[in-house]
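For reference, the structure is listed below as structure tokens.
Since every read-out is calculated from the coordinates, none of them should be taken as a lab result. Source: prediction; values computed, not measured. Cβ placement follows ideal geometry from the backbone for every residue including glycine, while neighbour counts extend to all protein chains displayed.
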Amino acid sequence: MSPFSFKKKERVRKRTDFITIYNKGVKQETQHFKIATLPNNLQWSRLGLTVSKKVGKAVQRNYVKRRLREYFRLHKAYLPMSCDIVITSKSGAQKLTYVEMCQELNAILCPDLQMPDRTKG
């Protein structure tokens, strides 16, 4: 199995888990995302996503969720180990490019990781 896959065990799926992470976790916020993290007793990190109707219609919400899952899948090695992460999208998240989204999330989740500057040619 590829290290870049997104397995079922790496997802926060139960409502009680979401509530526990929200209540007991460390909360941080960016312009377009709210992030709650809580250490777990597992050997891997898990991701939970919340995208409200304020973000847009179903197509836009699913677009944001797909991009967040892709971010998690590609950045697993840089994220804190044995940690549950819940990302809540705010209004305007659907307008971000993938690079902008990565930069915003990296500032909170993996600040040591530098994204390449693609504006210089």
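Table for the structure above
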{"read-out": "All positions within the range 73-102 that are free of Cβ contacts under 8 Å to residues at least 40 places away in the same chain and surrounded by 15 or more Cβ atoms within 10 Å (Cβ to Cβ)", "value": "HIS75, LEU79, GLN94, CYS102"}
{"read-out": "Residues satisfying the stated conditions in the range 9-43, i.e. over 15 Å from THR88 (Cα atoms) and either in contact (Cβ under 8 Å) with a residue 60 or more places away in the chain or under 13 Å from the mean Cα position of the chain (by Cα) (or both)", "value": "GLU10"}
{"read-out": "Unmet criterion (only one of (1) in contact (Cβ under 8 Å) with a residue 60 or more places away in the chain; (2) of a type in the set (Val, Ile, Thr); (3) more than 18 Å from LEU105 (Cβ to Cβ)) for VAL59", "value": "(1)"}
